[in-house]
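Okay, so here's the structure we're looking at.
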Amino acid sequence: MCEIISQINQIANYAGRGRDDLDHSILLETEGLLRRITKDQSKAIRILGEKIRGSFTALRTLFRKYDKNIEMVDPQLKNNSDLVECLMEYEKSW
């Protein structure tokens, strides 16, 4: 799924860099860190990890919404403001 998101990001995220090199390794590392680090140990790492996880979750939620009615998606992906906004947050969190 991360590979697909990266491809969509490259096409639709005209406001950001449109990076296509955002692979799943950061999600794996983030989940591992969030499991090991308590809220008291490192608030900065915890906040960053939750931001990364949250941006990925927001994209999954948006894709579920699109799955219910794919016709709501403009073929010009950059015209889907909710998609572009989620992609920008996803890219920014990395």
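The values are calculated or read from the model by the stated rules, or taken from the named source; none is laboratory data. Values in this document were obtained by computation on a predicted structure and should not be read as measured data. With ideal geometry, Cβ positions are generated from the backbone for all residues, glycine too; neighbour counts draw on all protein chains shown.
For the reader, a short list of remarks on this structure follows.
- Filter result (among the acidic types (Asp, Glu) and surrounded by 15 or more Cβ atoms within 10 Å (Cβ to Cβ)) within region 39-94: Glu89, Glu91
- Scanning region 69-87 for residues that are without any contact (Cβ under 8 Å) to a residue 60 or more places away in the chain and in a loop (DSSP other than H, G, I, E, B) gives Asn69, Val73, Asp74, Pro75, Gln76.
- When we screen Met88, Met72 for residues that are over 13 Å from the mean Cα position of the chain (by Cα) and not acidic (Asp, Glu), the only hit is Met72.
- Subset of region 39-66 (residues that are touching a helix residue (DSSP H, G or I) at 6+ places or on another chain (Cβ under 9 Å) and aliphatic (A, V, I, L, M)): Ile45, Leu48, Ile52, Ala58, Leu59, Leu62
- Residues in region 33-67 that are of a type in the set (S, T, N, Q) and either assigned to a helix (DSSP H, G or I) or in contact with a Leu (Cβ under 7 Å, 6 or more places away or on another chain) (or both): Ser55, Thr57, Thr61.
- Pick from region 23-32, criterion in a helix (DSSP H, G or I) and of a type in the set (Asp, Glu), ranking: nearest to Gln10 (Cα to Cα): Glu29
- Checked against the criterion of being under 15 Å from Lys92 (Cβ atoms), at pLDDT 80 or above, in contact with a Cys (Cβ under 7 Å, 6 or more places away or on another chain) and of a type in the set (A, V, I, L, M, F, W, C), region 48-60 contains one or more residues that satisfy it.
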